[in-house]
1. Sort out which residues of the stretch 46-100 are within 22 Å of Y320 (Cα to Cα), surrounded by fewer than 16 Cβ atoms within 10 Å (Cβ to Cβ) and among the small types (G, A, S), and write them in order of number.
2. Could you grab me the full set of residues in the stretch 630-661 that are outside any strand (DSSP E or B) and touching a Lys or Arg at 6+ places or on another chain (Cβ under 7 Å)?
3. Look through G285, G278, G243 and report the one residue that is in the same structural domain as P174 (by TED's automatic domain parsing) and within 15 Å of the ligand (Cβ to nearest atom).
4. Of the numbered conditions (1) in contact with a Pro (Cβ under 9 Å, 6 or more places away or on another chain); (2) within 12 Å of the ligand (Cβ to nearest atom), Y77 satisfies every one except a single condition; which is it?
5. Between N419, N412, which is within 16 Å of the ligand (Cβ to nearest atom) and either modelled with pLDDT under 95 or of a type outside the set (V, I, T) (or both)?
6. Any idea how many residues of the stretch 115-146 are surrounded by fewer than 24 Cβ atoms within 10 Å (Cβ to Cβ) and free of Cβ contacts under 8 Å to residues at least 60 places away in the same chain?
7. Can you give me the number of residues within the stretch 584-604 that are touching a Phe, Trp or Tyr at 6+ places or on another chain (Cβ under 7 Å) and either touching a residue at least 24 places away in the same chain (Cβ under 8 Å) or assigned by TED's automatic domain parsing to the domain that holds K673 (or both)?
8. Are any residues in the stretch 156-166 closer than 24 Å to A139 by Cα and within 12 Å of the ligand (Cβ to nearest atom), and if so, which ones?
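The values are calculated or read from the model by the stated rules, or taken from the named source; none is laboratory data. Remember, it's a predicted structure, so these values are computed and weren't measured experimentally. Positions of Cβ are backbone-derived with ideal geometry, glycine not excepted, and every protein chain shown enters the neighbour counts.
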Amino acid sequence: MARPDGITDLSHIRAKAPLYKDKSVPAEIRVDNLLGLMTLDEKIMQLNQYTLGRNNNANNVGEEVVNIPAEIGSLIYFDTDPALRNAMQHRAMEESRLGIPVIFGYDAIHGFRTVYPISLAQACSWNPVLVKKACSVSARESRMSGVDWTFSPMIDVARDPRWGRVAEGYGEDPYLNAVYCAASVKGYQGKSLSDSTTVAACLKHYVGYGASEAGRDYVYTEVSPQTLWDTYLPPYEAGVKAGAATLMSSFNDISGVPGSANPYTMTEILKNRWRHDGFIVSDWGAIEQLKNQGLAADKKEAAARALNAGLEMDMMSHAYDRHLAELVAEGKVSEATIDDAVRRVLRVKMRLGLFDNPYTPDVPDRFLRPADLKIASELAAESMVLLKNDSTLTLPLRNVRRIAVIGPLADNGKDLLGNWLGHGQAEDVVTLREGIAGEFGKDSEIRYARGCALDGHDRSGFKAALDTARWADVVVLCLGESLRWSGENASRSSIALPAIQEQLAEEISRLGKPVVLVLANGRPLELNRLEPLANAILEIWQPGIRGGEAMAGILSGRINPSGKLAITFPWSTGQIPVYYNRRKSGRGHQGFYQDITSEPMYPFGHGLSYTTFEYGEPTASKTEFRRNEKIKVSVPVTNTGDMTGAEAVLWFISDPYCSITRPVRELKHFEKKTLEPGETAVMEFNIDPWRDLSYVDADGKRFLETGEYNVIVNGKKISLKLTE
Ligand code: BGC
């Protein structure tokens, strides 16, 4: 039979140097050739991932593999030095029969050693270009340290801030997650995966993990097919289009079929419809957990269900290594399924260039390079959101002689790194206190008092804090969360700060001094008691290693804040879930509470600047247009204040009626631009009806309906009509 690649001379394959070792041969042919030479056992080993060495994830201290076979497909690598990787890779290349390289993975989520703000913060920058740059730094540091593959980006749309993993994604909006997803994939993977500075990306956690009930981790999720397509899948589709090499299946049970054994999501959608040709790795131990979820009687059945559903690699369940051979013998898993899975894994390894360059050279000075630190400062600054700046215009601080820096986050580097801090070190961090000293130290006197710990009942530090505040002209009060309060397995039943921190704020505020509240946290907070106590509130999130510097730059006015919220801040925990793009109610309002306001504290898109921006009326190149016509909507935006500032212009669509009801508003486009005082920019949204006005039904079929659409920008609306 003729080969699809047209190769007729197979002498290579039989020769001493088989085709798969020949760089000049196209990757797909090399993969085919190798696959043809592998035994079933060798194939099965490619579908397993173990850990190599110490695991730094407390949630995943699993069964340690003492004797790692030279044939192993993948290892999780916890070191920053490539030596151990190279030693293991030598074994794989030299001691396994076919010399297949191992792919080494690691969770470099928001930086490897140069730690950037958490992803939720990055989303508030509205600057995907900068996010892409940060990801490429992370990729370079990772690859040079022996890591070929990062388990990032996390693109789980999340609307329950009790869930600790809101910190890891890009907020509550599907479109925003999709845009950042594509940017980060491009940042990680660069132009070619085989560069020595890029890594394979991994879209996770596929899919619907963000729909966690009551904000609890790992639990059942109720996701209707319509919501799956409208809300949870779009970021994944964007990531696949951007070329993401791999995905990670999710822990959650999606309305009765767990993510790690779900043929609809993994095979039908990802492989058949989206034509993804890389592979899926399970989340840690997720195949074994199918037993606990009640889908499989034992680990063996779990292995069959997962592989047959389209899950190629087993992360630490020991389900594939122990049971696949037997399942093949029993006819419960076909060899063709195994071959397809192995082909996908080998393809990614081939694309990474691992067959040709399996070892990592030891490059000194690869961490914390000045240009990378600059990105860390810029991204931290752009991620910060000025939530409040009262009528006395507290910020920026000008001519203040005495500054009190108070609070449990003021002199605390570690917690500013956030969860999943990679190989970040507390010593690398510019703390808030250090940032203020650097920014104001020449002209002002600065005193520090911790006041209290992040949690607990110890008020013994209050007196010193109050004395310090009494002495000062302004108090910078640094409150927030420990890095352990968000991330995996870090849910909170209340998103308010612990009482001790609120009490400290209350007592300080009674002194009548201007109070600037600086918040460092990994999720939206309940601020209804703290808000009246502060004159200004700056949300800095967990801003990474340059957080203190960026925060102080905003306080002084050296930097004009430009962040806007990518996730709603509820008025109280009881409002959760509350997000801007809810579907409409029959009564035309969002439903009222008897006891509290129905409005959130700070909505999606909220964020103040030191300057003012005025929006003109939006206009359209055409208000009536046809399906195949592209039109342009424009709005003039003027900086009417006296300070240079950047404005993120957010474009929403609202559809008054549709055969499948739509949310009140949906973000469809955004752009951020810096404007000098007095400068006007005409901002544009180029509408492609099929891309921007179509929707998917519950089976993912895209449709475009004629009729009325509204484009909304900064609350101003223009009506458009789509005709046949
Ligand atoms: C997490 C993943 C992570 C994996 C490997 C899991 O527990 O859910 O996000 O990539 O561990 O560390």
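1. Matches in the stretch 46-100: G53 only.
2. Once the filter is applied, which keeps residues that are outside any strand (DSSP E or B) and touching a Lys or Arg at 6+ places or on another chain (Cβ under 7 Å), the stretch 630-661 yields D655, T661.
3. Numbers: G278 fails: within 15 Å of the ligand (Cβ to nearest atom); G243 fails: within 15 Å of the ligand (Cβ to nearest atom).
Of G285, G278, G243, the one residue that is in the same structural domain as P174 (by TED's automatic domain parsing) and within 15 Å of the ligand (Cβ to nearest atom) is G285.
4. Answer for Y77: the failing condition is (1).
5. Numbers: N412 fails: within 16 Å of the ligand (Cβ to nearest atom).
On inspection, the qualifying residue turns out to be N419.
6. 3
7. Going residue by residue through the stretch 584-604, those that are touching a Phe, Trp or Tyr at 6+ places or on another chain (Cβ under 7 Å) are 596-604.
When the remaining residues are screened for being either touching a residue at least 24 places away in the same chain (Cβ under 8 Å) or assigned by TED's automatic domain parsing to the domain that holds K673 (or both), the result is 596-597, 599-604.
Count: 8.
8. Correct list: D156, R165.
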